[in-house]
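Take a look at the structure set out below.
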Amino acid sequence: MTITTLLNDGTPVCIRRVRKDDEQRLRDGIAQLSPQSRYLRFFSGMREAPPQVIRALVTVDGHDHIAWGALRSDLPDTPALGVVHAFREADDPAVAEFSVAVVDDYHGRGLARLLTAVLLLDCQREGLRHLSVNILPENRPALTLARSLGAEGTGQEGGVSQMDITIDDALAALRAEGDVPGLAAVFAQFDASAAA
């Protein structure tokens, strides 16, 4: 399934499942992150993700590891603009660890919300009920996004805030948002594919 929509500024994007052959595209996308963005996402300032991290990010089965990426619809050969992941927890199959990353040039355009909406819909379909997320306290945009989804703090470990997102509540919050125009297209296309 490929979902086509627009960012807040009208930029056309397509959102699709991450595949094994996206490895180089992910590497290129990570390289485009600023050192600050890499630190906030990976808790490390490395310029390149280690091979085992890249392999884990592209080893997607659609059930235990769900991942979607965004590309420019009008510039299909560009690196990934953003990626969102959910890794199901082994000790609680109703919970998955959630992460999202968007390249710096696309910050503030609504892409993280679009990716998150697609991931939440897919997680719900796969029987997940909650997402856990680890966020550095200085990562204000990530905290704002998590709180807008109804996230609740569950603790702190090693200076990292731990939060829980209830998937049904987060989807209800996103469906109610009117200031991210591309969300309506995401919900309409995902709902249509689920009904088919």
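Data table
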{"item": "Output for region 147-196, where each listed residue is aliphatic (A, V, I, L, M), crowded, with 18+ Cβ neighbours inside 10 Å and not in a helix (DSSP H, G or I)", "result": "Leu149, Ala151, Met163, Ile165, Val180"}
{"item": "Whichever residue in region 118-127 is within 16 Å of the chain's Cα centre (by Cα) and without any contact (Cβ under 8 Å) to a residue 60 or more places away in the chain and, among such residues, is surrounded by the fewest Cβ atoms within 10 Å (Cβ to Cβ)", "result": "Gln124"}
{"item": "Verdict on Ala146 being among the aliphatic types (A, V, I, L, M), at pLDDT below 95 and over 19 Å from Glu177 (Cα atoms)", "result": "no"}
{"item": "Residues that are over 14 Å from Thr166 (Cβ atoms) and either in contact with a strand residue (DSSP E or B) (Cβ under 6 Å, 6 or more places away or on another chain) or in a helix (DSSP H, G or I) (or both), drawn from region 102-118", "result": "Val102, Asp104, Asp105, Tyr106, Leu111, Ala112, Arg113, Leu114, Leu115, Ala117, Val118"}
{"item": "Residues being assigned to a helix (DSSP H, G or I) and either surrounded by 14 or more Cβ atoms within 10 Å (Cβ to Cβ) or in contact with an Asp or Glu (Cβ under 8 Å, 6 or more places away or on another chain) (or both) - total across region 133-146", "result": "5"}
{"item": "Count of residues meeting criterion [in contact (Cβ under 8 Å) with a residue 60 or more places away in the chain, part of a strand (DSSP E or B) and under 18 Å from Gln24 (Cβ atoms)] in region 65-84", "result": "2"}
{"item": "Residue check for Gly62: crowded, with 21+ Cβ neighbours inside 10 Å, touching a residue at least 24 places away in the same chain (Cβ under 8 Å) and on the phi > 0 side of the Ramachandran plot", "result": "no"}
{"item": "Where a residue in region 96-117 is under 21 Å from Val58 (Cβ atoms) and its partner, wherever it lies, is surrounded by 21 or more Cβ atoms within 10 Å (Cβ to Cβ) and among the hydroxyl-bearing types (Ser, Thr, Tyr), with Cβ under 7 Å and at least six apart", "result": "Val100/Thr116; Leu114/Thr5"}
{"item": "Flag for Ala56 being part of a strand (DSSP E or B) and either modelled with pLDDT under 85 or in contact with a Phe, Trp or Tyr (Cβ under 7 Å, 6 or more places away or on another chain) (or both)", "result": "no"}
{"item": "Identity of the residue in region 9-25, under 15 Å from Leu115 (Cα atoms) and within 17 Å of the chain's Cα centre (by Cα), that ends up modelled with the lowest pLDDT", "result": "Val18"}
{"item": "Yes/no for Gly153 being of a type outside the set (Ser, Thr, Tyr) and over 18 Å from the mean Cα position of the chain (by Cα)", "result": "yes"}
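The values are calculated or read from the model by the stated rules, or taken from the named source; none is laboratory data. All of these numbers come straight from a predicted model, not from anything done at the bench. Cβ sites come from the backbone with ideal geometry, for glycine too, and all protein chains shown count toward neighbours.
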